[in-house]
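The values are calculated or read from the model by the stated rules, or taken from the named source; none is laboratory data. These figures come from a predicted structure and were not determined experimentally. Neighbour counts run over all protein chains shown; Cβ positions are idealised from the backbone, glycine included. Surface areas here come from the heavy atoms of the whole protein model, side chains and all, with no ligands, DNA or RNA. Shrake-Rupley method; radii C 1.70, N 1.55, O 1.52, S 1.80 Å.
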Amino acid sequence: MSRRTLVLLAAFLVGAGLRLWNLGPQVMGDDELHAVRAALNNPLSTILVTYQRVDNTIPLTAVYRVFLDLGLKLTEWTVRLPAVVAGLLLLGAAPLWVARRLGSGTAAVFAFLLAVSPGLVFYSRIARSYAPIVLLGFGALAAFEAWWRKPDWRTGAAYLVLAALAAWFHLGAAPFVVSPFLFAAVDALIRPLVGETRRGFVRLLALGGATALAFLAFLLPARDTLAVLVKEKHGALHLSWPLLRDVLLLVAGTGHGWVAVLVGLAATFGLARLFRADRRLAVLTVTAVVGHVAGLLYLAPVGHEHPLIFFRYILVVMPWVLLWVAAAFEGRLAPVLATLFLTLLVAAGPFPDSRLWRTSFAHHNDYLTFMWPRPKVGPHQVPDFYRTLAASPEPGAVLEYPWMAVWRVNRAFYLYEEIHGRQVVVAPARALLADERLAFRNMVPGTPEGFLASRARWLVVHRNLAQEEQRIPPDIQLDERFRGLFRTFGRRTIVHLTQSWGEPDYLDRRIAVWDLDRVRR
């Protein structure tokens, strides 16, 4: 096995380890469940022609619905499988392409940058469309570059399919995958041979027309709901320095501004080197990155004023920005300098936080926005039971109830988990997420039967979770539906379980706890 292969394999293993570590116990929540809900509620014939405002992603929803129609239950692993596979494929395929185009040295640095990029790691674990569009977008741009450099129907067809699929997985990928046409049109104009220019334009128009037809094949069946979605999702542009600063920190993968500046300098220097080594490839990557960001700013989708949402929309450009950074490391000292640089990135990023690797809520927005400090709770805010549990040698997971699949109204559970240190299972108050077609290990039906069938040892029922959430700084405003749900379901369940199971094993003014092993016996 060659040295280059060993280096790329090492990078792949590092990246795979980060993407798979502690993935099984992760609680699914918020946007991860949009496609699950849509698959449970709609037949395949409806899913394929319907865009929903909640961004359920038609192809992911369709895959889940096919599983259900085949009689398979949805588990956390099956729901996350497309994102995990896409993340691993990018980790393996993208460095091989870079090795062929730019050499093994740049490919090695690029492979490790892909492996440890927090954004690419996180969204390869989360059941959303972002990891698939990063993979499809990278493949589309690479195929277009190969086709434009040496026209061939196979690379042209590969671009067409990958670009259309990327836009189908997420409409926000469209500006990225069509931006190469701008590069090619300009490149064709500046070529010296008139005949070649004419033939280049003909080929470009043919591929553009075929791409438009491929887009329409996916989009036209859902044109009615698509028109409504575009109208609802388009808003006014909101740009500010704090927004741009936080997005750049997310791109750099660090909460430290000076490290982000170093990443920016490396990307600039690497892009300059790429211009000298392969000008057309450099211009293509710049066109794709700038074209995508410009398209995003023009579309101004709802929520873009939040750094995390803005970052999700530009995640598709991340491999190319990292390629610029990788191109900065050439020459005799490149291995040493690249190693120091990568070590700095990892040390200044979210991964040294040991709580990230132990928690069942690593996909919570408070962990994803690693450049902001997470909330903290004082001793008086934590029920004594959790401290007692931390000191107990008896193993077992904690089942928390009632749970709402909305990250912004659920901070207490992960903060309590940081104290007791055990895996957490949740039980939703709403019946939809307790559907019998789901076989989630980390989310069980909020019923006595569901509690007892769970893998948890202790059941913690909160009397009024809204009050606990509002004691956590910064204060959040809960609307009345959340207040009513947290207040009603918890108290009602405590009364019901006391009648059925007897008095709880622990009781205070905030929580009631049952030892499920005792109840099972």
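Key figures
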{"item": "Some residue of the range 105-125 being in contact with a Lys or Arg (Cβ under 8 Å, 6 or more places away or on another chain), farther than 20 Å from residue 289 by Cβ, open to solvent by less than 10 Å² (accessible area, probe 1.4 Å) and hydrophobic (A, V, I, L, M, F, W, C)", "result": "yes"}
{"item": "Members of the range 356-382 that are surrounded by fewer than 20 Cβ atoms within 10 Å (Cβ to Cβ), touching a residue at least 40 places away in the same chain (Cβ under 8 Å) and farther than 19 Å from residue 29 by Cβ", "result": "376, 377, 381"}
{"item": "Pairs with Cβ under 7 Å, 6+ apart, first in the range 5-17 and within 12 Å of residue 110 (Cα to Cα) and touching a residue at least 24 places away in the same chain (Cβ under 8 Å), second acidic (Asp, Glu) and part of a helix (DSSP H, G or I)", "result": "none"}
{"item": "Residue that is least open to solvent (accessible area, probe 1.4 Å), among those in the range 435-477 that are within 27 Å of the chain's Cα centre (by Cα) and more than 26 Å from residue 34 (Cα to Cα)", "result": "472"}
{"item": "Test for residue 464: is it of a type in the set (S, T, N, Q), more than 17 Å from residue 26 (Cα to Cα) and in contact with a helix residue (DSSP H, G or I) (Cβ under 7 Å, 6 or more places away or on another chain)", "result": "yes"}
{"item": "Members of the range 491-501 that are touching a residue at least 12 places away in the same chain (Cβ under 8 Å) and either closer than 11 Å to residue 519 by Cβ or loosely packed, with under 12 Cβ neighbours inside 10 Å (or both)", "result": "497, 500, 501"}
{"item": "From 266, 222, 184, residue being in contact (Cβ under 8 Å) with a residue 60 or more places away in the chain, more than 21 Å from residue 298 (Cα to Cα) and touching a Phe, Trp or Tyr at 6+ places or on another chain (Cβ under 6 Å)", "result": "222"}
{"item": "Condition met for residue 68 (open to solvent by less than 40 Å² (accessible area, probe 1.4 Å), touching a residue at least 12 places away in the same chain (Cβ under 8 Å) and either farther than 29 Å from residue 8 by Cα or assigned to a helix (DSSP H, G or I) (or both))", "result": "yes"}
{"item": "Yes/no for residue 296 being surrounded by 18 or more Cβ atoms within 10 Å (Cβ to Cβ) and in contact with a Ser or Thr (Cβ under 9 Å, 6 or more places away or on another chain)", "result": "no"}
{"item": "Cβ pairs under 8 Å, 6+ apart, first in the range 38-61 and on the phi > 0 side of the Ramachandran plot, second aromatic (Phe, Trp, Tyr)", "result": "57/169"}
{"item": "The listed residue being at pLDDT below 90 and among the aliphatic types (A, V, I, L, M), out of 460, 444, 409", "result": "409"}
{"item": "Pair list, Cβ under 6 Å, 6 or more apart: the range 395-415 residue over 16 Å from residue 444 (Cα atoms), other residue crowded, with 22+ Cβ neighbours inside 10 Å and hydroxyl-bearing (Ser, Thr, Tyr)", "result": "414/359"}
{"item": "Pairs, first free of Cβ contacts under 8 Å to residues at least 40 places away in the same chain in the range 297-324, second β-branched (Val, Ile, Thr) and open to solvent by 10 Å² or more (accessible area, probe 1.4 Å), C-beta under 7 Å, six or more apart", "result": "303/309"}
{"item": "Subset tally (residues that are of a type in the set (Gly, Ala, Ser), in a helix (DSSP H, G or I) and under 19 Å from residue 172 (Cβ atoms)) for the range 281-314", "result": "4"}
{"item": "Per-region count, the range 205-250, residues among the acidic types (Asp, Glu) and surrounded by 13 or more Cβ atoms within 10 Å (Cβ to Cβ)", "result": "1"}
{"item": "So residue 317, is it assigned to a helix (DSSP H, G or I) and under 20 Å from residue 97 (Cβ atoms)", "result": "yes"}
